[in-house]
Amino acid sequence: MSSNGHTPCIRCGKTRIVAKTWKETMITFGGKSVITRTITVCPDPACQKIVDEQLAANREKVLSRQKKQPARHKA
C-alpha cells in the first residue's frame with residue numbers, strides 16, 4: 001500500500017478511502033511489536049461491490065488449486 005494514503009481503486013482508479021483502522025500487538029523474539037492495519041474501500045459502493053466479488057472469486061480459485069496440489073513434505 002502507498003505510504004501517502006493515496007491508493008487508487010483497482011477497477012475505476014478513484015482514490016480509495018479508509019474504512020477501518022486498528023492496531024494489533026504481535027509477540028516477536030525481540031519483544032512486542034505494534035502493527036497498524038488499515039482497510040481501504042472504493043468511494044463508489046457499486047464499484048466496491050464488484051471488486052469484492054472479483055476478489056472472492058480469485059480467492060476461491062486459489063483455494064481450489066491448493067486443494068488439488070499434492071501435499072508437500074517439510075524437510
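Remark: relative contact order (the chain) = 23 percent; criterion is Cα-Cα distance under 8 angstrom and separation of 6 or more residues. The charge dipole of the chain, taken about its Cα centre with unit charges on the Cβ atoms of Lys, Arg (+1), Asp and Glu (-1) only, comes to about 380 debye. Among the lysines of the chain, pairs that are 8 or more positions apart or on different chains and have alpha carbons within less than 19 Å of each other number 4.
According to the calculation over all Cα-Cα pairs in segment 17-68, the P(r) per 10 Å bin from zero is 20, 27, 30, 22, 1 %. In the chain, the calculated helix contribution to ellipticity at 222 nm averages -11500 deg cm²/dmol per residue, counting -39,500 (n - 2.57) for every DSSP H run with n ≥ 4. Positive end of the dipole of segment 17-68, charges at C-beta (+1 Lys, Arg; -1 Asp, Glu), about the Cα centre: which of 42, 62, 30 has its Cα farthest in that direction? So the residue furthest toward the plus end is 30.
Computed from the coordinates by the stated procedures, all read-outs in this text should not be read as laboratory data. Quantities reported herein were computed from a predicted structural model and do not represent experimental measurements. Methodologically, a virtual Cβ is constructed for each residue, glycine included, from the backbone with ideal geometry; neighbour enumeration extends over all protein chains shown.
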